[in-house]
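The numbers here are math on the coordinates, done by the rules we state, and not lab data. Remember, it's a predicted structure, so these values are computed and weren't measured experimentally. Cβ placement follows ideal geometry from the backbone for every residue including glycine, while neighbour counts extend to all protein chains displayed.
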Amino acid sequence: MQELNEQLYDICTEWHVPFWQKSSFLFFCGLCGIALLALACWYIIRNMRRKQRQEPYHIVARRALDELQKAECMLPDSSAQFYAALIIILKKYLTEHYHAMFISKTDCQMLPLIKQVSESKQVAGLVEHILQSSVTVRFAGAQAARQNMQEAVDAAIEIVVITQAQKSAQKGA
């Protein structure tokens, strides 16, 4: 047997070693594994930090209402766009605050839902006022005056303030 091995080594000077068994390939695989692990850790940490940095929904709503107030859609010609944007902001805020699906509701379905989930009749009244103005402008084709649009934005801001005051009162009690 020994003699056979010596004859084999005598014929072939180098033995073929598959690439996956070479130390350079294993080293490269190790580097790739460490890089993938580092990338996964970075991605997880980035998402965790992003979730921590999210602003409270009432601040986001106030900022959106302030931007809407400053936008060019406060003109009577674009009052339908203004009310559409206002209703979307309001639906997003109310969905976050009351944990009810206002976003998927139409304007007509939104009013009974706000009366059902809201403890305050004042909030329901303000929402009803905004929705009536919105329906008149968007679907009846009427144009709203700048003063009416300003009143609608002020009512939306008042809704945010009232609901946040109620939430603070509930936390304090």
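Points to keep in mind about this one:
- Enumeration of residues in segment 44-58 that are within 14 Å of the chain's Cα centre (by Cα) and charged (D, E, K, R): Arg50, Lys51, Arg53, Glu55
- Residue count for segment 59-94, restricted to those that are surrounded by 17 or more Cβ atoms within 10 Å (Cβ to Cβ) and under 19 Å from the mean Cα position of the chain (by Cα): 13
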